[in-house]
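K.L.:
The structure under discussion is supplied below as structure tokens; questions concerning it will follow.
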Amino acid sequence: MQILVTFKNVDSSDYLKSYLEEKLERLDKIMPHSGTADVVFQEEKLRKIVDINLSGKGFDVHAKEESSAWNEAIDLVVDKAKKQLIKNKEKIQSHRAEVFPSDSL
């Protein structure tokens, strides 16, 4: 997965990048095809906001979360994106089952 990271009103941090990459590696197993992840770290007053756009062949996922700590915001947004990917994957599998029923053989 190709990861593009943008920092808005935040100093660039290697720790945040490595923590994010570690969490996104888990999503690689769920994604139907390799894709790109556009991640924006943004800070407004005391809120830490993480915005993720995952895109690739057959899927497009957008998740945004905010928290008082970066680690918590990253965990929340990755969990949200994971749920969306699983839902998308199940939807595609159920659609394929309807189109190609195995009972007709």
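The values are calculated or read from the model by the stated rules, or taken from the named source; none is laboratory data. Because the structure is predicted, anything quoted here is derived from the model rather than measured. Positions of Cβ are generated from backbone atoms using ideal geometry, with glycine treated the same way; all protein chains shown enter the neighbour counts. The area values use the complete protein model at the heavy-atom level, side chains included, leaving out ligands, DNA and RNA. Shrake-Rupley method; radii C 1.70, N 1.55, O 1.52, S 1.80 Å.
K.L.:
Using only Cα atoms, tell me the angle between helix 70-99 and the longest principal axis of the chain; keep it within 0 to 90° and round to the nearest 10.
P.N.:
With rounding to tens, the tilt is 10 degrees.
K.L.:
Determine which lysines satisfy two conditions relative to K91: a Cα distance under 16 Å, and not lying fewer than 8 residues away in the same chain.
P.N.:
Filter leaves K57, K82, K83.
K.L.:
To continue, here is another question. Any chance you could run the full-extension gain for E22 through D79? It's 0.36 nm times the residue separation minus the Cα-Cα distance, nm to one decimal.
P.N.:
In short, 19.2 nm is gained.
K.L.:
Now for a separate question. Classify the range 14-70: rounded, prolate or oblate, from the alpha-carbon gyration tensor (a ≥ b ≥ c, eigenvalue square roots; a/c under 1.5 rounded; otherwise prolate if a/b is larger than b/c)?
P.N.:
Because a/c hits 1.5 or more and a/b exceeds b/c, the range 14-70 counts as prolate.
K.L.:
At 0.36 nm per residue, and after removing the present C-alpha to C-alpha distance, how many nm does the segment from K57 to T36 gain when stretched out fully?
P.N.:
6.6 nm
K.L.:
For the chain, give the magnitude of the charge dipole about the Cα centre (Cβ charges: +1 Lys/Arg, -1 Asp/Glu; no others), in debye to the nearest 20. Don't jump to the answer; show the numbers that get you there.
P.N.:
Working: 17 positive and 19 negative charges, 56 e Å.
That gives a dipole near 260 debye.
K.L.:
Another question, if that's okay. Give me the net charge for the shell around K64: Cβ to Cβ below 11 angstrom, other residues only, Lys and Arg +1, Asp and Glu -1.
P.N.:
Net charge around K64: -2.
K.L.:
Give the accessible surface of the chain per residue, rounded to a whole number of Å², with probe radius 1.4 Å and ligands, DNA and RNA excluded.
P.N.:
67 Å²
K.L.:
Follow-up question, since we're still on this one. How many Å³ per residue does the convex hull of the Cα positions in the chain occupy?
P.N.:
Looking at the chain, the number lands at 90 Å³ per residue.
K.L.:
E22 accessible area, nearest 10 Å², 1.4 Å probe?
P.N.:
For E22, the solvent-accessible surface is approximately 90 Å².
K.L.:
Tally the DSSP beta bridges in the chain and give the antiparallel ones as a percent, rounded to 5.
P.N.:
75 percent
K.L.:
Between helix 14-28 and the chain, what is the angle of the helix's C-alpha long axis to the longest principal axis, kept within 0 to 90° and rounded to the nearest 10?
P.N.:
10 degrees
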